[in-house]
Amino acid sequence: MITLIRTRTLSMLRDSLTKAEAEAQTARTEAEKCLEQSGDMLDFLTRADDVAEELRAALDQAKVDAARLEGELETLRSQSLLDTEDRQALRALLRTTRKQSNRADRVYVLFHYGRLHSIHPTVEAAEIAAEAEGAPRSNWTTHTPGAALPSASEVTWRVQPLPFGTTTS
């Protein structure tokens, strides 16, 4: 079968073919560019996944480290409390030691009408004991060493310092 085509139609078909080939070439170029870009995107995505995985691993490690540090912090807090208690105990021991090393070399004897009533570590303690027995605050005397003692019957309450190891008569 023979087909007859007009020249004008043939020319139009050839122009259409040229246009179609040009468009196909443009489409191929764009497709290649898209493939190239998709390859780049795939590489980028792969790198992003790797970085995300590294970040997840770093986060997990940071959580483990934080838990360990919290445990250590709790231990250090406990140790700090123990150290504080130890320091308080040492201060108390130091105060006790200082008090013991500063012991008086004498005692204070409280007499009632010349008779021994009680022995005290300080003058104040003897005065308090006398007041507890009913002595008025202004009606008793303190004897100074070396001074002449008034008659025992004349003094209701008297505090007399005595060095350790001496006796009174």
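The values are calculated or read from the model by the stated rules, or taken from the named source; none is laboratory data. The shown structure was predicted, so the numbers you read here are calculated from the model rather than taken from an experiment. Every residue, glycine among them, receives a Cβ derived from its backbone with ideal geometry; neighbour counts consider all protein chains shown. Heads up: the accessible areas ignore ligands, DNA and RNA and are worked out on the full protein's heavy atoms, side chains in. Shrake-Rupley method; radii C 1.70, N 1.55, O 1.52, S 1.80 Å.
Values computed for the structure shown
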| item | result |
| --- | --- |
| Radius 14 Å from Cβ of Q61, net charge of other residues (Lys, Arg +1; Asp, Glu -1) | -1 |
| Normalised per residue, the volume of the convex hull around the Cα set of the range 39-81 (Å³) | 33 Å³ |
| Helix 7-101 vs. the chain, principal-axis angle (Cα, 0 to 90°, nearest 10) | 10 degrees |
| Cα long-axis angle, helix 123-132 against the chain (0 to 90 degrees, to the nearest 10) | 70 degrees |
| (i) 42; (ii) 71; (iii) 20, with the label sought being that of the calculated percent of Cα pairs over 27 Å apart | (ii) |
| Burial order of peptide ranges 130-136, 51-57 (average beta-carbon count within 10 Å, highest first) | 130-136, 51-57 |
| Relative contact order %, the chain, counting alpha carbon pairs below 8 Å whose residues are six or more apart | 17 percent |
| Residue-count net charge about L149 - beta-carbon cut-off 14 Å; Lys, Arg +1, Asp, Glu -1 | +1 |
| Charge sum, other residues only, whose C-beta stays under 13 Å from C34's C-beta, Lys/Arg counted +1 and Asp/Glu -1 | -2 |
| Of all accessible heavy-atom area on the chain, the percent that carbon and sulfur account for (1.4 Å) | 57 percent |
| Per residue value of the accessible surface for the chain (all protein chains in place, 1.4 Å probe), Å² | 83 Å² |
| Ellipticity estimate at 222 nm from DSSP helix runs (n ≥ 4, -39,500 (n - 2.57)) divided over the chain, nearest 500 | -23500 deg cm²/dmol |
| Euclidean distance between Cα centres, the range 106-120 to the range 1-74, Å | 109 Å |
| For the chain, size of Cβ-based charge dipole, Lys and Arg +1, Asp and Glu -1, in debye | 920 debye |
